[in-house]
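Trainee: Below you will find the structure I want to go over with you.
The values are calculated or read from the model by the stated rules, or taken from the named source; none is laboratory data. In this text, all values refer to a predicted model and were calculated from it rather than measured experimentally. Note that we place each Cβ from the backbone using ideal geometry, even for glycine, and neighbour counts take in every protein chain shown. Heads up: the accessible areas ignore ligands, DNA and RNA and are worked out on the full protein's heavy atoms, side chains in. Shrake-Rupley method; radii C 1.70, N 1.55, O 1.52, S 1.80 Å.
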Amino acid sequence: MKTMFKYFISLTVLATWLVSCGDMNSGKSSNQGALSSNAAEKVYVAPGEHDDYYAFVSGGFSGQLAVYGLPSGRLFKVIPVFSVDAEKAWGFNEETKPMLNTSHGFIPWDDSHHPDISQTAGELDGRWVFINGNNTPRIAKIDLTTFETTEIIEVPNSAGNHSSSFVTENTEYVVAGTRFSIPFPQRDMPISEYKGNFKGALSFISVAPEDGRMDIKFQIMMPGFDYDLSHPGRGASHGWFFFSTYNTEEANSLLEVNASQNDKDFIAAINWKKIEAYVNEGGGKMVPANYAHNVYDESTHMATSTMKKEVRVVDPTEVPGAIYFMPTPKSPHGCDVDPSGEYIVGSGKLAAELTVHSFSKMLTAIENKDFDGDAYGIPILSYEATLAGAVKNPGLGPLHTEFDGKGNAYTTFFISSEVVKWKLGTWEVLDRQKTFYSVGHLMIPGGNSRKPFGKYLVAMNKITKDRYLPTGPEVTQSAQLFDISGDKMELLLDFPTVGEPHYAAGIAADIVAKNSKEFYKLEENEHPYAVKSEAEAKVVRNGNEVHVYMTMIRSHFAPDNIEGIQVGDKVYFHFTNLEQDYDQPHGVSMIGANTSELLIMPGQTESFIWEPKQEGVWPFYCTDFCSALHQEMQGYVRVSPKGSNVPISFTLDGDPVDIE
């Protein structure tokens, strides 16, 4: 059996190679066809005009979240999330270092996968974007008034935080499901004893409606499978969440063979409303844990990190009727719910057909107790009892499905390198378009909601090959934009992406743009080291610790000459940008500072530490071109020998002021 499976895998790899290489010429002719159908006009956004949609595209191994406009494919911003970012001083300045704190200490990197936009009544509301860190399990929240990460919560009892971070219809919860099952509680034990002893945690993180504050409400301790992706019920199925699983064999080595033996794995159907009621009545058990909860305060412009020491855990067998397994073929990746909430699509990577389950049939099967046994006390529903239908001969290697709100579904096929459009209810294939090459996920703006926008589709491809000018062994990742407003999909645009995008979330621009903050009001700045006028600027020594309270405005610093610093001092520079105008940041860097530059928004305060090791006179300057006199925006710090009697002094507009 294993030999046969290895043969199948070899054929799969060969097919992938043929698709990736053999379609190169067809890719070129496809481009010509697209140009001849005025595709360029459809993606052209005139100078000074705006795109119709925002696309939030995960950066994968970059750890960040990129913001693009559609249909132009223009990159607007890379939002730092889980990885340090020298451009924006994320994780370098003193204010944001706590955002990257974890139970393992300061972690400067992660693998960001699945963004999801907050919803109200099943429709995108544009308040926040949530995204998961896959490596060190975390969920982050990005505030869409500032396009900044404002909260990161670590997820305990988890590893490979992959079936995350998807939200319920009213953003009651954002979920975080473990990909790798691990011992619970975590302990030293033989890996060979995996089966029956490892557990998979599905975490439900509550989201406060007024400010989005996150808190782990409960964790469901599931059997030791791998939990791959998830999506919420909506409409009639609101109150349920669906998670795809693979490795129901509970293998711990050579998973490409040993975790692909079963003809079917499961979709776990979780009645979170029922579990929530159980927890609200005191159900579950508080168990020891250790995880970081990091919050950025917009009023102080500072982050704090709090270590939490317990979490509520729920045993599925203690809440009868709350969790069921639906068998689905085979090693499923995607687990996607249509806008009505009736259909749940299981994308079995090794399946010949694309399987669709029915929520209403699932409820009937539960009522009739139409079970095929159980797995660790969780009932397994009859496969036929929940089956709505199957798409025949859809393609090879299905991964992910989204919906246009017009009764159509679109599925990516990695091996056959295509997007396939098919009809919900009849399961008829309506169209297929090649991608270049080996597409992973796709995104339709609003496609993971009750109300998709249904105009564009973005395919995120895993292999680029010849689509762009070569840049050595490493080439950029590639996305492709399709027009899906007609009966047939039309390829409009290739555009490069940041990192490796695993998923994206899109929303109409007018929902978000109207709420975008232009600057931080100086009078609301509560940073403890903020100065709100040049008259307040100062330098204060306390032993070998020196605090510099400095302002910046076009086109000078105050103070701009500082003396009395000594070798071995620890100098805290606190910069407040006094500008109160849109798009007027200032940057600053200090020669020899073991950190990045700072990039400070109008009305904001940021800090870095400088520990001079050499005597001399050392310059600092503005790093963000701010005015015609940007080059003149500079200053000097005099560093004297340790123990020197040179007093602290600073210059404001050429007038020296001595400080005791």
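Trainee: From largest to smallest, what semi-axes in whole angstrom does the chain give when each is the square root of 5 times an eigenvalue of its alpha carbon gyration tensor?
Mentor: Values: eigenvalues 467, 177, 98 Å².
Semi-axis lengths for the chain are 48, 30, 22 Å.
Trainee: For the stretch 35-153, which whole-number percentage of the solvent-accessible area (1.4 Å probe, protein heavy atoms only) is attributable to carbon and sulfur atoms?
Mentor: 56 percent
Trainee: Kirkwood Rh over alpha-carbon pairs of the stretch 238-315, then Stokes-Einstein at 20 °C and 1.002 mPa s: what D in µm² s⁻¹, rounded to an integer?
Mentor: In µm²/s, the coefficient is 129.
Trainee: Given 25 °C and 0.890 mPa s, how large is the Stokes-Einstein diffusion coefficient of the stretch 266-351 in µm²/s, with Rh as the Kirkwood radius over Cα pairs?
Mentor: This corresponds to a translational diffusion coefficient of 149 µm²/s.
Trainee: Based on C-alpha coordinates, I'd like the Rg and Dmax of the stretch 422-466, in Å.
Mentor: Considering the stretch 422-466 through its Cα atoms, Rg and Dmax are 12.8, 38 Å.
Trainee: Which value, in Å to one decimal place, does the Kirkwood hydrodynamic radius take for the stretch 64-210 when every pair of different Cα atoms is included?
Mentor: 16.3 Å
Trainee: Using Cα atoms only, what is the angle between the long axis of helix 2-22 and the major principal axis of the chain, expressed in degrees (0 to 90) to the nearest 10?
Mentor: Long axis of 2-22 versus the principal axis of the chain: about 60 degrees.
Trainee: Now for a separate question. Treat the stretch 445-603 as a sphere of radius equal to its Kirkwood radius over Cα pairs and apply Stokes-Einstein at 25 °C in a medium of 0.890 mPa s; give the translational diffusion coefficient in µm²/s, rounded to a whole number.
Mentor: Values: Rh = 20.6 Å.
After rounding, the answer is 119 µm²/s.
Trainee: In addition: Rounded to the nearest percent, how much of the accessible area of the stretch 295-379 (1.4 Å probe, protein heavy atoms only) is carbon and sulfur?
Mentor: Ligands and nucleic acids excluded, carbon and sulfur give 51 percent.
Trainee: Next question. Which whole-number percentage describes the relative contact order of the stretch 268-391, with Cα contacts under 8 Å and a sequence gap of 6 or more?
Mentor: Once normalised by length, the contact order is 20 percent.
Trainee: Which one of 567, 590, 550 has its Cα pushed farthest toward the positive end of the charge dipole of the stretch 519-658, where Lys and Arg give +1 and Asp and Glu give -1 at the Cβ?
Mentor: The residue sitting farthest along the positive end of the dipole is 567.
Trainee: What part of the accessible area of the stretch 533-575, given as a whole %, is carbon or sulfur when the probe is 1.4 angstrom? Working shown, then result.
Mentor: Numbers: 650 of 1550 Å².
Carbon plus sulfur share of accessible area: 42 percent.
Trainee: If you don't mind, another one. Mind checking the per residue accessible area of the stretch 459-566 for me, 1.4 Å probe, whole number of Å²? It would help to have the intermediate numbers written out before the result.
Mentor: Numbers: 4820 Å² over 108 residues.
I get 45 Å² per residue for the stretch 459-566.
Trainee: Relative to the Cα centre, what is the charge dipole magnitude of the chain, using +1 at the beta carbon of each Lys and Arg, -1 at the beta carbon of each Asp and Glu, and rounding to the nearest 20 debye?
Mentor: It works out to roughly 1980 debye.
Trainee: Evaluate the Debye formula for the stretch 374-416 with equal point scatterers sitting on the alpha carbons, no solvent, and hand back log10 of I(q)/I(0) at q = 0.17, 0.34 Å⁻¹, in q order, two decimals.
Mentor: -0.72, -1.13
Trainee: Please pull out the direction-averaged projected area of the stretch 397-518, using the convex hull of its alpha-carbon atoms, in nm² to one decimal place.
Mentor: Answer in nm², one decimal: 9.0.
Trainee: Hey, another quick one. Determine the relative contact order of the chain: mean sequence separation of Cα pairs under 8 Å and six or more apart, normalised by residue count, in whole percent.
Mentor: 11 percent
Trainee: What relative contact order, as a whole-number percentage, does the stretch 576-660 give when Cα pairs under 8 Å and 6 or more residues apart are counted?
Mentor: 24 percent
Trainee: Tell me the volume per residue, in Å³, of the convex hull enclosing the alpha carbons of the stretch 126-243. Please report the intermediate quantities before stating the final value.
Mentor: Numbers: hull volume 11.5 nm³, N = 118.
With only Cα atoms used, the stretch 126-243 gives 98 Å³ per residue.
Trainee: Using alpha carbon centroids, what distance separates the stretch 475-521 and the stretch 547-625, in Å?
Mentor: Comparing the Cα centres of the stretch 475-521 and the stretch 547-625, I get a distance of 36 Å.
Trainee: Extending each Cα 7 Å along its Cβ direction at residue 170 and residue 297, get the distance between those two points in nm, one decimal.
Mentor: The two pseudo-label positions are separated by 3.1 nm.
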